[in-house]
Amino acid sequence: FSLATGSCAYVNEPRYDRPGTPYGSNYQIFTNINSKKPDLMIWLGDYTYYREPDWTTRTGMLHRYTHDRSLPELQPLLASTHHFAVWDDHDFGPNDSDGSWVHKETAWEVFRAFWGNPTFGVNEQKGCTSWFQYADIDFFLLDGRYFRTPNFCESCPDRSMLGKAQLDWFLGALAASRAPFKVVAIGNQLITTSQDHETYAHFFFAERDSILAHVDRENIKGVIFLSGDKHFTELSALKNAAGNWVYDLTTSPLTSGVNTRGADEKNAFRVPGTVVQQHNFSMLRFSGPRTERRLTITVYNADGQEQWTKTILPTGELAE
């Protein structure tokens, strides 16, 4: 089966947009995603961009969602497959917003109104945390905003992107999974050495280290993180002490501004040749028998033209 994914979708509305060149463009990307006929799609945050008049009122948030969902190029994609989502700062509140955001309860209400995730939080928590299985693959949807410690509060106790309760649930559920691949959707990059923007390496390296140590200690195979946010695309790969590969596929942006300096970021885990600095989306195709599953990742630009393809073998290695 196939999965489409991406992040950072800006739909222009001149009355509320910044001056100058429109920030959103290449809406035909949604037509081209739909042409690939994905069996499901996971949106990795910033799929709508709250403006200043939006994020302080329920009506403003509802307006932004309904305005963006009305985009003609998006309609066939929304109608033709299953959609799941995690959120990031721009569809949660202001830029770089966190657990201290005063209107996060309203944002959570609006999120629930527009997405069909299996749950909206786990173990009586709020947020967008969830889990589902498609065929024999397990998908974990993590919330990097609702419980997040403010980025620059160095003296805040227990600094965390996920919060203790969500983190404990995730580590346990990940260890319990027997799926050949465990796909983890989260807004920000986990496997990178870059401290540009809101990466784990920049603000929450201790929590990142605890997650990776857990994967190593429990000998968990087939872990693939899906992230967005960076406004360029890359694949990162880390081989842990247990000999297992862990990947982070960052896919961004769909229609918002492109980061043309992404290739200059210092990421020691980057797989060479995987940087894409234009509007793009990723397709993940799972194939083969259950005991020999392989995952083929293909990145396409807004016009549906292939940019690169990599295959993760049943051993966890990348095919030559």
Working with all protein chains in place, sort Trp131, Trp308 by solvent-accessible area computed with a 1.4 Å probe, largest first. Trp131, Trp308
Quick one: what Rg and Dmax do you get for segment 172-320 from the alpha carbons, in Å? 14.9, 43
Nearest-10 value in Å² for the accessible area of His63, using the 1.4 Å probe: 70
Diffing segment 104-118: the Karplus 3J(HN,Hα) column from phi (6.51, -1.76, 1.60, θ = phi - 60°), in whole Hz with x for Gly and Pro, holds 5, 5, 5, 4, 5, 4, 5, 4, 5, 6, 10, 10, x, 4, x
If I ignore ligands, DNA and RNA and count only protein heavy atoms, how much of Glu218 is accessible to a 1.4 Å probe, in Å² to the nearest 10? 90
Treat every Asp and Glu Cβ in the chain as -1 and every Lys and Arg Cβ as +1, leave all other atoms uncharged, and give the resulting dipole magnitude about the Cα centre to the nearest 20 debye. 580
Binned at 10 Å starting from 0, the alpha-carbon pair-distance distribution of the chain in whole percents comes out as 6, 29, 38, 23, 4, 0
Multiply the residue separation of Glu218 and Ala268 by 0.36 nm, subtract the distance between their alpha-carbon atoms, and state the gained length in nm to one decimal. 15.6 nm
Can you say what percent of the DSSP beta bridges in segment 71-190, counting only those with both residues inside, are antiparallel? Round to 5. 55
Using modelled backbone amide H atoms (1.01 Å from N, in-plane), which distant-in-sequence or interchain residues come within less than 5 Å of Thr119's amide H? Trp131
Residue-wise, which Karplus ³J(HN,Hα) couplings in Hz belong to segment 210-220, taking 6.51 cos²θ - 1.76 cosθ + 1.60, θ = phi - 60°, and x for glycine or proline? 5, 5, 5, 5, 5, 4, 5, 4, 8, 6, 7
Of all beta bridges DSSP finds with both residues in the chain, what is the antiparallel percent, to the nearest 5? 60
Keeping all protein chains in the complex and leaving out DNA, RNA and ligands, what accessible area do you get for Glu198 with a 1.4 Å probe, in Å² to the nearest 10? 10
Under a 1.4 angstrom probe, counting protein chains only, how are Glu124, Glu154 ranked by accessible area, largest first? Glu124, Glu154
Cα-Cα longer than 26 Å, checked against Lys37/Lys182; Lys182/Lys239; Lys37/Lys126; Lys164/Lys221; Lys104/Lys182, kept in input order, equals Lys37/Lys126; Lys104/Lys182
Cysteines without a disulfide-compatible partner in the chain, using Cβ under 4.7 Å as the rule? Cys8, Cys128
Answer with one residue from Leu77, Pro94, Met61: the one whose Cα lies farthest towards the positive end of the charge dipole of segment 61-113, charges on Cβ with Lys, Arg +1 and Asp, Glu -1. Leu77
Calculate one ³J(HN,Hα) per residue across segment 183-195 by plugging θ = phi - 60° into the Karplus curve 6.51 cos²θ - 1.76 cosθ + 1.60, and present them in order as whole Hz with x for glycine and proline. 9, 10, 8, 8, x, 10, 5, 9, 9, 6, 9, 6, 10
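The values are calculated or read from the model by the stated rules, or taken from the named source; none is laboratory data. All of these numbers come straight from a predicted model, not from anything done at the bench. All Cβ positions, even for glycine, are placed from backbone atoms using ideal geometry, and neighbour counts span all protein chains on display. For accessibility, only protein heavy atoms count, side chains too; no ligands or nucleic acids. Shrake-Rupley method; radii C 1.70, N 1.55, O 1.52, S 1.80 Å.
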